[in-house]
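The values are calculated or read from the model by the stated rules, or taken from the named source; none is laboratory data. Computed from a prediction, not measured in an experiment: that's the story for all the values here. Positions of Cβ are backbone-derived with ideal geometry, glycine not excepted, and every protein chain shown enters the neighbour counts. In case anyone asks, the SASA skips ligands and DNA or RNA and just uses the protein heavy atoms, side chains included. Shrake-Rupley method; radii C 1.70, N 1.55, O 1.52, S 1.80 Å.
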Amino acid sequence: MLIAPLLSALLLNSLSTTPNGALIQNETTCYTTTAQKGDKIEVIGYTLQSIERGKKEDRDIFKIVIHQRMFGSKFDMRDSFIVDALDLHAIEFINERQGKQHVLLNYGSNKISGTRIASDGSKESIEVATQGPIWDANLWGVTFAAMPLTSGAQLRLPTFHYDKGLGEFNIQVKGLEANIWQLDIGEEGKPKAHYQIGQSPRRELGVKAGFYTTFIGGDCAELARPANPNNK
């Protein structure tokens, strides 16, 4: 007699840890990244992130582009995501480096398929079986902003990374301070990234990881220009 209520409780708990796409809004944001070098803090690059609601056939989606350019354009990476508008689970992912496609992933109902460029320059196939929705491990801040954040919560979300394979986000909600959620991301016993997520509107405000800090602001005009493939 207790089986049905127990299953209902487990299902409700599972649903409560799923991202809520309704919390995410269309926006374009420029971020600055700095590095601590001794007693100096240096700007090392910028990131331009755009979020736009759209349609893929009859499906409501978000198109998200995160374009990073660091170290005097020597590092140029552009990640393009198509995710479900309901809960941000992954549909398609493209990674470009120095203006050239490096990874292409398609997320199906029970498998992930695609290609990536190996270290020797050859093209490798990717095919991984999955069970249920999965989130792309390269989409950090937007995913965290859509999570059901409550003080003291420990949240986990299944992910896939094109180099690391299947994994998960480990999210510890430290609390809400001055309308800003404070999150620690990472496994216990390992270095963690500290994210700040705005409560209203829900959005990524910044992150600190090791010697690196990223925050809203800066000049992303350079990111509108094409990458130079000759920069290594």
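Before moving on, here are some points about what is shown:
- Considering (1) touching a residue at least 12 places away in the same chain (Cβ under 8 Å); (2) open to solvent by 50 Å² or more (accessible area, probe 1.4 Å); (3) not hydroxyl-bearing (Ser, Thr, Tyr), the lone condition that ALA178 does not fulfil carries the number (1).
- Applying the set (1) on the phi < 0 side of the Ramachandran plot; (2) modelled with pLDDT of 95 or more; (3) open to solvent by less than 80 Å² (accessible area, probe 1.4 Å) to ARG53 leaves exactly one unmet item: (3).
- Of all residues in region 194-224, exactly one satisfies the criterion of being without any contact (Cβ under 8 Å) to a residue 24 or more places away in the chain, assigned to a loop (DSSP other than H, G, I, E, B) and open to solvent by less than 70 Å² (accessible area, probe 1.4 Å), namely GLY210.
- So ILE41, is it open to solvent by less than 90 Å² (accessible area, probe 1.4 Å), hydrophobic (A, V, I, L, M, F, W, C) and in contact with a strand residue (DSSP E or B) (Cβ under 7 Å, 6 or more places away or on another chain): no
- Count - residues of region 64-95 that are in a strand (DSSP E or B) and open to solvent by 50 Å² or more (accessible area, probe 1.4 Å): 2
- For the residues LEU6, LEU15, the requirement of being open to solvent by 90 Å² or more (accessible area, probe 1.4 Å), within 26 Å of PHE160 (Cβ to Cβ), at pLDDT below 95 and not in a strand (DSSP E or B) singles out LEU15.
- Any hit, region 124-143, residues being crowded, with 20+ Cβ neighbours inside 10 Å, assigned to a strand (DSSP E or B) and of a type in the set (D, E, K, R): yes
- The condition of being at pLDDT 95 or above, more than 18 Å from TYR31 (Cβ to Cβ) and surrounded by 14 or more Cβ atoms within 10 Å (Cβ to Cβ) holds for LEU149.
Yes or no, residue by residue, for (1) without any contact (Cβ under 8 Å) to a residue 12 or more places away in the chain; (2) over 19 Å from the mean Cα position of the chain (by Cα); (3) over 20 Å from ARG78 (Cβ atoms):
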| site | (1), (2), (3) |
| --- | --- |
| LEU88 | no, no, no |
| ARG97 | no, no, no |
| SER122 | yes, yes, yes |
| VAL128 | no, yes, yes |
| GLN131 | no, yes, yes |
